[in-house]
Amino acid sequence: MSTPPAEIVGLGQILWDPLPGGKALGGAPFNFAFHCHQLGHPAVIVSRVGRDELGREAREAVRALGMDDGFIQDDDSHPTGTVTVELADGQPRYTIHEGVAFDHIAVEPRLLDFVAQAKVVCFGSLCQRAPASRETIQRLARAAGAAIVVCDLNLRQQFYSPEVVEASLRASRWLKLNDDELRVLAEMFRLSGRRDTAKVANLRKHFGLELVALTRGANGALVQTPDEEVVVPGVPVAVADTVGAGDAFAAGLAVRVLEGATIAEAAVFANRLAALVATRPGGTPRIDRADL
């Protein structure tokens with residue numbers, strides 16, 4: 001399949017989540033790209049899989065979702081990424097296996113050109129746990145030009161450091177994080193303020209971010225820019241699991257801003273999308289936009 005121009009690029013891990021109902025393709029950047037795609041915006045995942053059965057199945061799954069696999073690299077030496085996920089009260093607990101293909105994403109000249117033309121580029125911290133992918137992702141983030149560069153933190157296990165987090169935030173225009181991650185960053189960077197809104201403001205100012213989105217699970221979300229703060233309440237739903245809900249929030253926010261919505265309108269839309277994703281198993285459920 002030839003790769004069409006993409007408005008939106010997800011950079012980082014694509015992997016298999018073994019969920020109770022069977023394995024599901026996931027990874028935060030892939031989930032983000034998928035939700036942007038199904039909301040009607042051309043989106044591509046840049047990642048790497050092993051030249052193995054799971055890698056072949058990953059490509060097939062990407063294409064089955066209507067997406068292009070043209071920027072997923074093949075790796076002859078490392079297996080396709082996998083994660084063990086256990087659900088406790090609907091909350092995922094992850095064991096992410098190391099030494100896998102997405103730890104070795106390589107810089108390609110066509111990638112630099114491709115990313116430079118994107119309108120939104122999203123990446124996280126997990127895929128920067130290994131030097132090869134870290135260098136690639138940070139280089140691509142710097143090449144993103146005028147794009148909205150979104151850092152969607154994934155502070156998993158021991159796979160992050162203050163240095164990686166700081167470099168990621170300084171390369172970004174937007175930050176999406178959850179309340180647990182805000183507590184980690186508040187301690188890591190000694191953010192002042194007793195309330196979340198003050199901590200978010202200090203984080204935003206410290207790194208010169210244009211927007212910070214704080215997801216709060218059942219309690220909704222807070223979206224803050226230098227000019228406004230939007231607080232949206234939680235949407236009561238019957239939760240199947242929360243896998244991918246935060247990725248859906250980031251996708252909904254980015255898509256609606258691209259479409260010309262106000263920050264408040266985009267935040268409400270993103271919150272509804274995340275809630276709807278939480279009612280269905282896995283991180284990439286099919287969603288009809290009309291349901292929102």
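The values are calculated or read from the model by the stated rules, or taken from the named source; none is laboratory data. Since this is a predicted model, take the numbers as computed values, not measurements. Cβ: placed from backbone, ideal geometry, glycine included. Neighbour counts: every protein chain shown.
Taking region 101-116 as the region of interest, how many residues are under 23 Å from Q158 (Cβ atoms) and either of a type in the set (D, E) or not in a loop (DSSP other than H, G, I, E, B) (or both)?
So the count comes out to 4.
If you take the residues of region 250-265 that are in a loop (DSSP other than H, G, I, E, B) and not charged (D, E, K, R), which of them is surrounded by the fewest Cβ atoms within 10 Å (Cβ to Cβ)?
Ranking the qualifying residues of region 250-265, first place goes to G260.
Applying the selection to region 149-192, what residues are of a type in the set (A, V, I, L, M) and not in a helix (DSSP H, G or I)?
Listed by number, the residues that qualify are V149, V150, L153, L155, A171, L175, L177, L191.
Could you count how many residues in region 174-200 are in contact (Cβ under 8 Å) with a residue 12 or more places away in the chain, out of contact with any Lys or Arg (no Cβ under 7 Å at 6 or more places or on another chain) and either of a type in the set (D, E) or surrounded by fewer than 18 Cβ atoms within 10 Å (Cβ to Cβ) (or both)?
7
Considering only residues that are buried (at least 23 other Cβ atoms within 10 Å of the Cβ), of a type outside the set (A, V, I, L, M) and within 13 Å of F249 (Cβ to Cβ), look in region 266-292 and name the one that is farthest from the chain's Cα centre (by Cα).
Only one residue tops the list, namely N271.
Pairs, please: C-beta under 9 Å, at least 6 apart or cross-chain, first residue more than 16 Å from A266 (Cβ to Cβ) and in region 228-249, second among the small types (G, A, S) and surrounded by fewer than 16 Cβ atoms within 10 Å (Cβ to Cβ)?
Pairs found: G234/A218; P236/A218; V237/A218; V239/G90; V239/A218; A240/G90; D241/G90; T242/G90.
Which number in (1) buried (at least 24 other Cβ atoms within 10 Å of the Cβ); (2) at pLDDT 95 or above marks the one condition that N154 misses?
Just one mismatch for N154, condition (2).
For the list (1) within 26 Å of E166 (Cβ to Cβ); (2) part of a helix (DSSP H, G or I), I need the number of the one condition that E98 fails.
That leaves (2) as the condition not met.
I need a count of the residues in region 240-292 that are acidic (D, E), modelled with pLDDT of 95 or more and closer than 27 Å to T95 by Cβ.
Here the count works out to 1.
Inside region 117-148, can you point out the residues that are within 19 Å of F32 (Cβ to Cβ), among the small types (G, A, S) and outside any loop (DSSP other than H, G, I, E, B)?
Scanning region 117-148 gives S133, A141.
Which of (1) closer than 20 Å to F123 by Cβ; (2) at pLDDT below 95 does H78 not meet, given it meets every other one?
(2)
Identify, please: which residue in region 201-228 is in contact with an Asp or Glu (Cβ under 9 Å, 6 or more places away or on another chain) and of a type in the set (K, R) and is, among those, surrounded by the most Cβ atoms within 10 Å (Cβ to Cβ)?
R204
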